[in-house]
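The values are calculated or read from the model by the stated rules, or taken from the named source; none is laboratory data. Keep in mind that what you see is a predicted model, and the values were worked out from it rather than measured. Glycine also receives a Cβ, built like all others from the backbone with ideal geometry; neighbour counts cover every protein chain displayed.
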């Protein structure tokens, strides 16, 4: 890993972590860094158009959303919004702002929703003003947006993650098994 570089491997976030810890903190610690997160909000919201399409719900229908800011060595480095259908998340820890012991993937599995496949789309774009402020970006600095759809064994959507991060110091790693 280069100096200041963070390697994000999506596969770590799709399985229940060993020991029930925080995957982001463990990934940062493995590189000698300090990772933390703050849950900014959680609860039911109107589904944004793209999220509604991915979750297979009507545009504007209620979904459960968890908004987090991720920190690396005390600095904001990523905005993460995770969305669930209300059928999966209403009335669970996913709809609240408390940290979920063992993480969301563990809780989803306990609720009978195990992700077995994920599809990710990565795009570069200019940030909104609120994203620029939250991530302390310069006026001319773009962001990477990674959108992940996690599906169960029956190809039903389990969750949608939308992550926004500055490209500096980022390296996304994908390991693909063929056959």
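See the values below:
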quantity	calculated
All positions within region 133-155 that are exposed (fewer than 13 other Cβ atoms within 10 Å of the Cβ) and out of contact with any strand residue (DSSP E or B) (no Cβ under 8 Å at 6 or more places or on another chain)	133, 138, 139, 140, 153, 154
Residue 175 being in contact (Cβ under 8 Å) with a residue 12 or more places away in the chain and either assigned to a strand (DSSP E or B) or within 21 Å of residue 69 (Cα to Cα) (or both)	no
Where residue 130 falls short, out of the listed (1) touching a helix residue (DSSP H, G or I) at 6+ places or on another chain (Cβ under 9 Å); (2) surrounded by fewer than 16 Cβ atoms within 10 Å (Cβ to Cβ)	(1)
Residue list for region 25-45, restricted to those being loosely packed, with under 13 Cβ neighbours inside 10 Å and assigned to a strand (DSSP E or B)	38, 41
Contacts under 8 angstrom Cβ, first residue in region 41-69 being in contact (Cβ under 8 Å) with a residue 60 or more places away in the chain, partner outside any strand (DSSP E or B) and crowded, with 18+ Cβ neighbours inside 10 Å, 6 or more apart	55/47
Candidates 11, 15, 92, filtered to the one that is at pLDDT 95 or above, more than 28 Å from residue 129 (Cα to Cα) and surrounded by fewer than 17 Cβ atoms within 10 Å (Cβ to Cβ)	92
